[in-house]
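Since the structure comes first, as structure tokens, the remarks are kept for the end.
Laboratory data are not the source of any read-out in this text; all were calculated from the coordinates shown. Keep in mind that this is a model prediction, so the values were computed, not measured. Glycine also receives a Cβ, built like all others from the backbone with ideal geometry; neighbour counts cover every protein chain displayed.
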Amino acid sequence: MPELPEVETVRRGLQPALEGQIIKSVTVRCPKLRIPFPKDFAKRLAGKKVEQLSRRAKYLLMHMEGGGVAIIHLGMTGHMRVISSNAPIPGKHDHVDFCTTAGATVRFHDPRRFGLMTLTTEKNLATHKLIKNIGPDPLGNDFNDEVLSAALKGRATPIKAALLDQKTVAGLGNIYVSESLFRSGISPKRQAKTVQGGRAEKLTRAIQDVLRDAIEAGGSTLKDHVQPDGELGYFQHHFKVYGKTGAPCPTCDDSAHIIKKIVQSGRSTFYCSNCQR
């Protein structure tokens, strides 16, 4: 499933085509994705200007003229492509088209239909059920080592599981948690409550650095992630531990210390037991 860097990459790629543009029409070709489309979804967006395209965790937010907000989640296999002109005939899994008066089409493609699109308002956005319990954005001004320390205090769960909890930090998934823990030298098995002080400071910095590096590389393409211009993401070529089972640890620089794989809460975790403590 796309994590924060992939969604942020999509947001940035869509901005030139959508932000400040008027939605001429919306075509919906199926009754539901993960959830049903709201009644009159297309009609409520048509004719409105997209005032801003933002992101909250793994959700894209289209802020519309008049106070409406479209909430979009890409799901496991969804992606959005910008077609500048002469959009081809839609395929089987091309479920939604957003057409602007400037002539561009943004097409949502989702073979497994695990994505979603719904509507709310600026007034109700913060309390919407999909948004209200999400923690601070790790790249936002309201996230730092003190905030992370407070969120982890007293929690006996492994730090890996705590970071995957979207109430702790928004937008992190399996890939970037594994990479962040490696960069900070923290074992994924360490109890979350012990990540305080200097450890929390190192982890905060590692999370932010990993996410910025991944965004710069266009995200990670393992299966389905595609940028709006059709380009793949390239951060997978810079993974230090994720998917590297049996490879020498790049920090230890010693063939005796290899990357190990364990399963935590049903998710694969990759780490070095020598340099991550």
Checklist entry - On full extension of the chain, what length is gained from residue 208 through residue 263, given 0.36 nm per residue of separation minus the C-alpha to C-alpha distance? => result 17.3 nm
Next on the checklist: Give me a comma-separated list of calculated 3J(HN,Hα) values for the range 27-42, in order, Karplus coefficients 6.51, -1.76, 1.60 applied at θ = phi - 60°, integers in Hz, x for any Gly or Pro.
Outcome noted: 10, 10, 9, 8, x, 7, 9, 5, 10, x, 5, x, 4, 6, 3, 5
Checklist entry - Considering only the other residues whose Cβ falls under 12 Å of the Cβ of residue 23, what net charge follows from Lys and Arg at +1 and Asp and Glu at -1? => result +1
Checklist entry - FRET efficiency for residue 229 and residue 30, Cβ-Cβ distance as r, R0 = 35 Å, nearest 0.05? => result 0.90
Checklist outcome for this item: Output row, site residue 166, 7 Å Cα→C-beta label point, backbone N cut-off 20 Å, window the range 4-23, residues 4-12
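For the range 195-247, what does the alpha-carbon gyration tensor say about shape, rounded, prolate or oblate, given a ≥ b ≥ c as the root eigenvalues, a/c under 1.5 as rounded, and a/b over b/c as prolate?
Working: a/c = 3.54, a/b = 1.69, b/c = 2.10.
Since a/c reaches 1.5 but b/c is at least a/b, the shape of the range 195-247 is classed as oblate.
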Next on the checklist: I need the shape label for the range 145-271. Rule: rounded when a/c is under 1.5, else prolate if a/b > b/c, else oblate, with a, b, c from the alpha carbon gyration tensor.
Outcome noted: oblate
Checklist entry - Cα to Cα, under 17 Å, and not fewer than 8 places away if on the same chain: which lysines meet these conditions relative to residue 167? => result 58, 129, 132, 153, 193
